[in-house]
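For reference, the structure is listed below as structure tokens.
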Amino acid sequence: MSGGQNIEVLDLSQSSLRDVNALLQGDAKPTGAFFKVINPRGAHALACGLDSEIEVEVEGHTGYYCAGMNKLARVVIKGNAGQGVAENMMSGEVRVTGDVSQSAGATAHGGLLVVEGNAAARCGISLKGGDIVVKGNVGHMSMFMAQAGTLVVLGDAGDALGDSLYEAQIYVRGSADNLGADCVEKEMREEHREKLQALLDKADCGEVAVSEFKRYGSARALYHFKPDNVDAY
Amino acid sequence: MCGIVGLYLKTSGLKDRLGEMFTPMLIEMTDRGPDSAGVAVYHAPAAEGQVKITAFHPDPAFDWAALAEAVSSELSVAIEHYPNDTHHVLISDGAAEVLEDALEAYDPLLQVMSAGTTIEIYKETGLPKEVAEKFGLEAMKGSHAVGHTRMATESAVTTAGSHPFSTGLDLCLVHNGSLSNHNRLREHLSTHRGIEFKTENDTEVAAAYVSDKMNSGRSLHEALEDSIKDLDGFYTFVVGTRDGFAVLRDPIACKPAVLAETEDYVAFASEYRALVDLPGIETAKVWEPEPAVVYSWGGQA
């Protein structure tokens, strides 16, 4: 948040979720307007569908789909987020200071999701171009069928990482002992180191050495029909 | 979809507030299960050598005093009893299993909800708020409680099909999900382990599996570890025993779960919003339980 600007406080113990979302989504907001949402009380679909360059800070844990479909806005959740945080994000940034539940950043086309804690299962499932940085661990089936975009994990990755992966990229610093079908470790070249460093910088953890990461991607063996498998159909 | 909640007090300081803390948790999960609701409350332990049975009869005019007198003289045991809306609590110095059989034989419409020393189960069709009010849940004191709000998928919306299910003394289990191998497992448990089932419900099979394991000497924690390999399907379970509380999710974590822990309590809910009014929740450790990991407190865990 830049200094000296007005902060509008939205209290979810006083206002309805619908009213708060309508205000955050509505027109007539100056670029950079800053909103603080208090008492989120685990509400679902909070700060969804934002489409302007505003900043929203949520003080507390949120329910499902917080900051879903985000475009341009920067949303900071000071707490944990439930399922599907920043799902289908188009651009902008979503940052969670705690842990996130399943399917964080699912199908995101763009933007950056930063999770300071751990992410549960299916993080980045069907990712379509967004970037996700998780400072802790990610659960099983993360990046399942991810098509484009990047997942960076500073901790460990759960089982079946990157199963049926397309052209998305995965960088893991800790262990990734159980890769999903068609996901393989790949060579880390200079262009990858640069890209990873840039993402770490954006996520405010640029001091972590890129040399500690391994890169994973698609073996592209599931892309085409194999005549050997004809009997299976 | 269903909603499940559980609250286990680690210290006795909050025991007078169990119902008051627990009731809003149950009601908050109405969106996940508006068909019926049920609770198991662990409170008011029966005196040494006594058992406590909770029973239900669909007829509001059912003569409980006549039942108590008949069973009492048939078995030569003392039976005290008092009503709680459609349910009745019976306390006796008889043996639990013999009493259960005698009560259900007296009138086939009577259903024993729970038996043990501490557990009471209340469940009904209707909105969770109505069910909580009906049984005076908010005023209940005790050590722990487990609750369920149901959106039925596997069997009929009836009082008997509501959760929690109890298949052993002081044991209860609630379930969000659906089991795929319950028919075969039910057959195995009834043929080879002599367990009688009261419903067609998949959750009753899970409860019976856990109580069968515990009857053969496994702890609550171990019984749930066993169930990971023997139960197939989607599940988040919360299990209560006389002095224990446990949570388990299936290996692919199909159904949601949130745990919160402070020095005073452990709380479970399908969604975090059910926990927001608990004292000290702002600073509690709040986390999503890992798939296929048993979390347990108290008991022989």
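Restricting attention to segment B:221-271, the residues that are away from every other protein chain (no Cβ under 14 Å) and on the phi > 0 side of the Ramachandran plot total 1.
Taking the residues in segment A:85-108 that are aliphatic (A, V, I, L, M) and more than 14 Å from chain B (Cβ to nearest Cβ) as candidates, determine which candidate is farthest from A:Asn6 (Cα to Cα). Result: A:Ala106.
Please verify whether segment B:98-109 includes one or more residues that are crowded, with 16+ Cβ neighbours inside 10 Å, part of a strand (DSSP E or B) and aliphatic (A, V, I, L, M). Looking through segment B:98-109, none of the residues is crowded, with 16+ Cβ neighbours inside 10 Å, part of a strand (DSSP E or B) and aliphatic (A, V, I, L, M).
Residues are listed down the side, and each one gets a yes or a no for (1) assigned to a loop (DSSP other than H, G, I, E, B); (2) under 20 Å from A:Gln147 (Cβ atoms); (3) not aliphatic (A, V, I, L, M):
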position	(1), (2), (3)
A:Leu165	yes, yes, no
A:Tyr171	no, yes, yes
A:Asp177	yes, no, yes
A:Ala181	yes, yes, no
A:Val184	no, yes, no
A:His192	no, yes, yes
A:Gln197	no, no, yes
A:Leu200	no, no, no
A:Cys205	yes, no, yes
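I'm checking my understanding of the structure. Among residues of segment B:285-301 that are outside any loop (DSSP other than H, G, I, E, B), more than 8 Å from chain A (Cβ to nearest Cβ) and modelled with pLDDT of 95 or more, which one is surrounded by the most Cβ atoms within 10 Å (Cβ to Cβ)? Explain how you work it out, then say what you get.
Kept after step one, since they are outside any loop (DSSP other than H, G, I, E, B), are these residues of segment B:285-301: B:285-287, B:295-298.
Filter once more, keeping what is more than 8 Å from chain A (Cβ to nearest Cβ): B:285, B:295-298.
Imposing the further condition that a residue be modelled with pLDDT of 95 or more reduces the set to B:285, B:295-297.
Numbers: B:Lys285: 9, B:Tyr295: 21, B:Ser296: 23, B:Trp297: 19.
Applying the filter and picking the extreme gives B:Ser296.
Counting only residues that are within 12 Å of chain B (Cβ to nearest Cβ), assigned to a loop (DSSP other than H, G, I, E, B) and crowded, with 24+ Cβ neighbours inside 10 Å, segment A:66-84 holds 4 of them.
Would a scan of segment B:214-224 turn up a residue that is touching a strand residue (DSSP E or B) at 6+ places or on another chain (Cβ under 6 Å), crowded, with 23+ Cβ neighbours inside 10 Å, assigned by TED's automatic domain parsing to the domain that holds B:Ser178 and within 24 Å of A:Ser101 (Cβ to Cβ)? Reasoning before the result, please.
Initial filter on segment B:214-224 (touching a strand residue (DSSP E or B) at 6+ places or on another chain (Cβ under 6 Å)): B:220-221, B:224.
Next, only the ones that are crowded, with 23+ Cβ neighbours inside 10 Å stay: B:220, B:224.
With assigned by TED's automatic domain parsing to the domain that holds B:Ser178 added as a condition, the list becomes B:220, B:224.
Applying the additional criterion that residues be within 24 Å of A:Ser101 (Cβ to Cβ) yields B:224.
Scanning segment B:214-224, I find at least one residue that is touching a strand residue (DSSP E or B) at 6+ places or on another chain (Cβ under 6 Å), crowded, with 23+ Cβ neighbours inside 10 Å, assigned by TED's automatic domain parsing to the domain that holds B:Ser178 and within 24 Å of A:Ser101 (Cβ to Cβ), so the answer is yes.
Each residue in segment B:48-80 was checked for being in contact (Cβ under 8 Å) with a residue 12 or more places away in the chain, surrounded by fewer than 17 Cβ atoms within 10 Å (Cβ to Cβ) and within 30 Å of B:Leu7 (Cα to Cα), and 4 of them qualify.
Can you confirm whether segment B:34-47 contains a residue that is among the charged types (D, E, K, R), in a helix (DSSP H, G or I), surrounded by fewer than 24 Cβ atoms within 10 Å (Cβ to Cβ) and touching a strand residue (DSSP E or B) at 6+ places or on another chain (Cβ under 7 Å)? I'd like the intermediate steps shown before the answer.
From segment B:34-47, those among the charged types (D, E, K, R) are B:35; that's our starting set.
Still in the running and in a helix (DSSP H, G or I): none.
So far as segment B:34-47 goes, no, none of its residues is among the charged types (D, E, K, R), in a helix (DSSP H, G or I), surrounded by fewer than 24 Cβ atoms within 10 Å (Cβ to Cβ) and touching a strand residue (DSSP E or B) at 6+ places or on another chain (Cβ under 7 Å).
No other residue among B:Val286, B:Val294 is out of contact with any helix residue (DSSP H, G or I) (no Cβ under 6 Å at 6 or more places or on another chain) and in the same structural domain as B:Glu187 (by TED's automatic domain parsing) apart from B:Val286.
Say whether the condition of being of a type in the set (A, V, I, L, M), part of a loop (DSSP other than H, G, I, E, B) and either away from chain B (no Cβ under 14 Å) or under 22 Å from A:Asn118 (Cβ atoms) (or both) is met by at least one residue in segment A:56-64. The answer is no; no qualifying residue exists.
Return the only residue of A:Tyr166, A:Tyr216, A:Tyr223, A:Tyr171 being more than 19 Å from the chain's Cα centre (by Cα) and among the hydroxyl-bearing types (Ser, Thr, Tyr). Don't jump to the end; show me each part of the working.
Working: A:Tyr166 fails: more than 19 Å from the chain's Cα centre (by Cα); A:Tyr216 fails: more than 19 Å from the chain's Cα centre (by Cα); A:Tyr171 fails: more than 19 Å from the chain's Cα centre (by Cα).
Every option except A:Tyr223 fails the conditions.
Filter segment B:11-32 for residues that are farther than 17 Å from B:Val258 by Cα and in contact with a Gly (Cβ under 8 Å, 6 or more places away or on another chain); which is surrounded by the most Cβ atoms within 10 Å (Cβ to Cβ)? By that ranking, first place goes to B:Leu18. The set of residues from segment B:86-106 being within 24 Å of B:Ile195 (Cβ to Cβ) and among the β-branched types (Val, Ile, Thr) comprises just one member, B:Val98.
Between residues in segment A:207-223 that are farther than 15 Å from A:Asn178 by Cα and residues that are polar (S, T, N, Q) and part of a helix (DSSP H, G or I), which pairs lie under 8 Å by C-beta distance while being six or more apart or on different chains? Going by the 8 Å Cβ cut-off, the qualifying pairs are A:Val210/A:Gln197. Within 27 Å of B:Leu109 (Cα to Cα), modelled with pLDDT under 95 and surrounded by fewer than 22 Cβ atoms within 10 Å (Cβ to Cβ) - does that describe any residue in segment B:204-213? Checked segment B:204-213: no residue is within 27 Å of B:Leu109 (Cα to Cα), modelled with pLDDT under 95 and surrounded by fewer than 22 Cβ atoms within 10 Å (Cβ to Cβ).
Meeting the requirement of 3 or more residues that are within 17 Å of the chain's Cα centre (by Cα) and in contact (Cβ under 8 Å) with a residue 12 or more places away in the chain, the helices (runs of 4 or more DSSP H) wholly within segment B:127-221 are B:128-134, B:202-215. Whenever a residue of segment A:34-63 is hydroxyl-bearing (Ser, Thr, Tyr), its partners that are assigned to a loop (DSSP other than H, G, I, E, B), lying with C-beta atoms within less than 6 angstrom and at least six residues away or across chains, give the pairs A:Ser52/A:Lys29; A:Ser52/A:Leu72; A:Thr62/A:Pro40; A:Thr62/A:Leu46. In the set (1) part of a helix (DSSP H, G or I); (2) charged (D, E, K, R); (3) in contact (Cβ under 8 Å) with a residue 40 or more places away in the chain; (4) at the interface with another protein chain (Cβ under 10 Å from one of its Cβ atoms), the condition left unmet by B:Glu282 is number (3). Among the conditions (1) surrounded by fewer than 17 Cβ atoms within 10 Å (Cβ to Cβ); (2) modelled with pLDDT of 95 or more; (3) not in a strand (DSSP E or B), A:Cys48 misses just one, which is (1). Cβ-Cβ distances below 8 Å connect the following pairs, each with a first residue in segment B:16-39 that is modelled with pLDDT of 95 or more, a second residue that is surrounded by fewer than 24 Cβ atoms within 10 Å (Cβ to Cβ) and basic (Lys, Arg), and a separation of six or more residues or different chains: B:Asp16/B:Lys141; B:Arg17/B:Lys141; B:Leu18/B:Lys141; B:Gly19/B:Lys141; B:Ile27/B:Lys129; B:Glu28/B:Arg273; B:Thr30/B:Lys129. Residues in segment A:117-146 that are more than 14 Å from chain B (Cβ to nearest Cβ) and either out of contact with any Cys (no Cβ under 8 Å at 6 or more places or on another chain) or part of a loop (DSSP other than H, G, I, E, B) (or both): 11 in all.
The values are calculated or read from the model by the stated rules, or taken from the named source; none is laboratory data. What you are looking at is a predicted structure, and each value in this text was computed from that prediction instead of being measured. Note that we place each Cβ from the backbone using ideal geometry, even for glycine, and neighbour counts take in every protein chain shown.
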